[in-house]
Structures are given as C-alpha cells and as structure tokens.
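Quick notes on the structure that follows.
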Amino acid sequence: MTGSAGGVPSDVVTDGAVRDYTESYLGEDEVLASARERAEAAGAAPIGPGAGAALRFLAATVGARAVVEIGTGAGVSGLWLLRGMAPDGVLTSIDIDPEQQRGARSAFTEAGYGPSQLRLINGLALEVLPRLTDAGYDLVFLDGVRTEFPRYLEEAVRLLRPGGVVVLNDALRRERVTEPDPDETGASALRELAHQVRDDERLVSMLLPLGQGLLVATKVR
C-alpha cells in the first residue's frame, strides 16, 4: 500500500477531489459561462457543470422532445437540457422573474436555439403547471421554491408520460438534509420530499450527489 501524510494511502481519492473531478469532467463553453456569470450577477444560484451534464444525459437518454423546467434563471439549466433534447424538441420554462427570463432568452439565442424550440412562460409555477397537458412531457426539471416541491412533484407526475423522468435540483441542500435542523424549513421540506418520492409506487427513484444533489425518478405507471 502506498503511504502518504496522515496515514491515508495516496491512491485513495478524497470525497472533495472526486466531487471536483466530477464537476469538471465536462467543461462549459463561452455561452454557458456567460449565462452563469449573468445568473450569479443577478443573485441566482445556477446548477453546476456536473448537474448540468446529468440533465443533458437524461434528456438524451429519454429522447426528450417536450421538457418542462420550473425556474428559468439565466438559462444555464435550460442550455444543458436543450443540448440533450431532440433537434425538434421544445423547452417550456417557467419563471416569475422576467429579467431572468430575458437573460435566458439571450443565452438561448446566442447558442443558436430559435423561437420554435422555446416556450418561456412568466408566472407562478403552481398557476401555470395545471394548464399543461397530461402525460405530454418526457422530462420535468424542478428548481423553484423548495417548500412548494411536493406540489410541483404531483403536477410533474401528471405531466409525464410513462417512462418520463422528473429531476429535482438542490435535493441535498448543501448536505444539510442529512442533519435535521428544525430551523431549516427548506431542508426539512426536501427530506420529506425525498421520502415521498422513494415511497411513491408510480416512480423508480435515485439520489445523485451531483452539484447540490439531484433527486431523479422515472414514472413507471
């Protein structure tokens, strides 16, 4: 066994190193980097490259042509989704902040995505989602108000076709969900939601430690 300082073998990779390598495995181009800068300047917290790569992978795996995103932000997650979707796919993205959506539209246009591929809806997710078509979507990405995630989830399951995928962002909430804190309302809501997804017989789920955590589930019935 190869030795190292502190008695830890040098061939053992630390959790932090694994996370850093995972996040940097697929780099971001100038369009994504610009969108990320706009999001951070506006006080938003866009998904990291690792979680973004997972979104692209999932969209490509299910052959997504119809995707719903709650939380447009400045377009970082939307760009990753679009890059995994079919060329004739349509991204429906819902956000209450028109400034964020304007920034996202600029990013999408810069990346070469036209109006026929985008449906940006300004409004409250819980008012918009009920108007969308049952079983009409391949993938739903949830990144809105954490305390409203349980209601988002019910809408998402309704919207998904069998075999479709729902993805919930920030599921580990900087890992605070593993340490219950009665003063952390958001973390408590996420813990309850994780149990709800796990116990839902309509879904097959898993929790991915990418970014701040992705809770992923496939609708089986």
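Things to note:
- Ranked by how many other beta carbons lie within 10 Å on average, peptides 210-217, 35-42, 23-30, 138-145 from highest: 138-145, 210-217, 35-42, 23-30
- Inverting the pair-averaged 1/r between distinct Cα atoms of segment 15-219 gives 16.9 Å as its Kirkwood hydrodynamic radius.
- Gaussian network model of the chain, Cα within-10 Å springs - most flexible of E154, E127, E99: E127
- Normalised by the number of residues in the chain, the mean separation of alpha-carbon contacts (under 8 Å, six or more apart) gives a relative contact order of 17 percent.
- Segment 63-105 residues near the modelled L26 label - backbone nitrogen below 11 Å, point 7 Å along Cα→Cβ: 80-85
- Charged-residue dipole, Cβ positions (Lys, Arg, Asp, Glu), segment 15-219 about Cα centre, Debye nearest 20: 600
- Cα gyration tensor category, rounded, prolate or oblate, for segment 69-139 with a/c compared to 1.5: oblate
- Highest GNM mean-square fluctuation among G136, G71, G43, for the chain modelled with Cα contacts below 10 Å: G43.
- Calculated [θ] (222 nm, deg cm²/dmol) that DSSP helices of n ≥ 4 give over the chain, each run adding -39,500 (n - 2.57): -12000 deg cm²/dmol
- Looking at segment 15-219, the DSSP beta bridges with both ends there are about 35 percent antiparallel.
We did not get these values from a lab; they are worked out from the coordinates using the rules stated. For clarity, every value in this text was computed on a predicted model and none was experimentally measured. Glycine also receives a Cβ, built like all others from the backbone with ideal geometry; neighbour counts cover every protein chain displayed.
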